[in-house]
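Asks: Take a look at this one; I'll ask things after.
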Amino acid sequence: MTAARSSDVPQHYLGGIALRLLAMASLSLMFVLVKIAAADGVHLVESLFWRQVVVLPLLLLWAIRHGGIATFRTQRPGTHARRAMMGLTGMALNFGGMIYLPMAEATTINLSVPIFAVIFAAAFLGEPTGWQRWGAVIVGFLGVLVVLNPTTVIAGGFTGDHGIGTLIALGGAIMTALITIQVRDLARTESPMAIVFWFSLISLVPLTIALPFVNTPHGPAIWAVLIGLGLLGAVVQMSLTGALRLAPVAVVTPMDYSSLLWSIACGWYVFGTLPADTTWVGAPLIVASGLFIAWREHRLHIERRKDITA
């Protein structure tokens, strides 16, 4: 796969962008199925179980074709276990946010992940963060505050399904940012596919134990929804990994903001909901902040490479 990593082959960049766009479209469709399942009484644990269990066979098939199960060998099982528990918590929060909120609003809050990631990288990894990125963080936070609609919070607090959903979605964004820092650490020694494999395998342990306590009989339509949820989750996971194999992070990450367009379209078409006025105002601030952070990371990466080769 050396050629796929080469910066001299521009069509691979386009391939990476296409895979990232596919991942975002699949993610939005997966969240549609999560909301449908929840509306039909499917417990969150069961949705999480099917989201994870379908990925494993595909990963094993991939490993058989690319060097065998030894591809997933690791010397850091404890770190993988910690990442899996964090990942499962983050996924549960993201699912919960989608269940309680309109899709566009939950997606907008989730797009604040790069903002929190900058803060956590500075706090936990000691990464240098100049005034430009801190400025982008402040702009992004203003966008988050607008989406959270502080006037409503002051008047009534985070009460009701919508208020609770807002807190859950915000918790999901914070947890996802923490996971990003954890994955950065794992990526120093582990391959992307190994990280995905151990996350899926370890997270299935508590989900499998809990499943009998929440499982309920389903008709064919709900089984189709759950299987579709798992298949779309697998597409998301494989597409995200494939995109990073074909193009640098700074090239593919801006494509994540296409998920907002998909969420608006899906929310309107499937559930008849449109974003709140505050979402239309706050979303551009969050997107602009995230794009600037991605661009700044790209420029710093180029400068570091110049320093190394000088």
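Since every read-out is calculated from the coordinates, none of them should be taken as a lab result. Every value quoted in this text rests on a predicted model; they were computed, and no experiment measured them. Methodologically, a virtual Cβ is constructed for each residue, glycine included, from the backbone with ideal geometry; neighbour enumeration extends over all protein chains shown.
Asks: Taking the simple approach of a point 7 Å from Cα along Cα-to-Cβ for both Leu167 and Leu56, what is their distance in nm?
Replies: Computed distance between label sites Leu167 and Leu56 equals 3.4 nm.
Asks: If you don't mind, another one. Take Leu142 and Ala122, extend 7 Å from each Cα along the Cα→Cβ direction, and tell me the distance between the two endpoints in nm.
Replies: A separation of 1.7 nm, rounded to one decimal place.
Asks: Quantify how much of the Cα-Cα distance distribution of region 15-309 extends past 28 Å, in percent. Present the calculation step by step, with values, prior to reporting the outcome.
Replies: On the way: 16526 of 43365 pairs.
Beyond 28 Å sits 38 percent of the P(r) for region 15-309.
Asks: May I ask you to derive the FRET efficiency for Ser258 and His66 from their Cβ-Cβ distance with R0 = 30 Å, giving the value to the nearest 0.05? Please report the intermediate quantities before stating the final value.
Replies: Working: r = 29 Å, r/R0 = 0.97.
Between Ser258 and His66 the formula returns 0.55.
Asks: Would you list the membrane-span-like helices of the chain, meaning whole DSSP H runs whose alpha-carbon atoms span at least 20 Å along their axis and whose mean Kyte-Doolittle value is at least 0.5?
Replies: Working: long enough: 10-39 (44 Å, 1.37); 77-100 (34 Å, 0.25); 131-148 (25 Å, 1.69); 160-186 (38 Å, 1.00); 192-214 (33 Å, 2.05); 220-246 (38 Å, 1.62); 277-309 (49 Å, -0.10).
Within the chain the helices that satisfy the rule are 10-39, 131-148, 160-186, 192-214, 220-246.
Asks: Next question, about the same structure. So if we plug the beta-carbon distance of Leu274 and Arg188 into 1/(1 + (r/R0)^6) with R0 = 45 Å, what FRET efficiency do we get, rounded to 0.05? Provide the component values of the computation, followed by the final result.
Replies: Details: r = 43 Å, r/R0 = 0.96.
The computed FRET efficiency comes out at 0.55.
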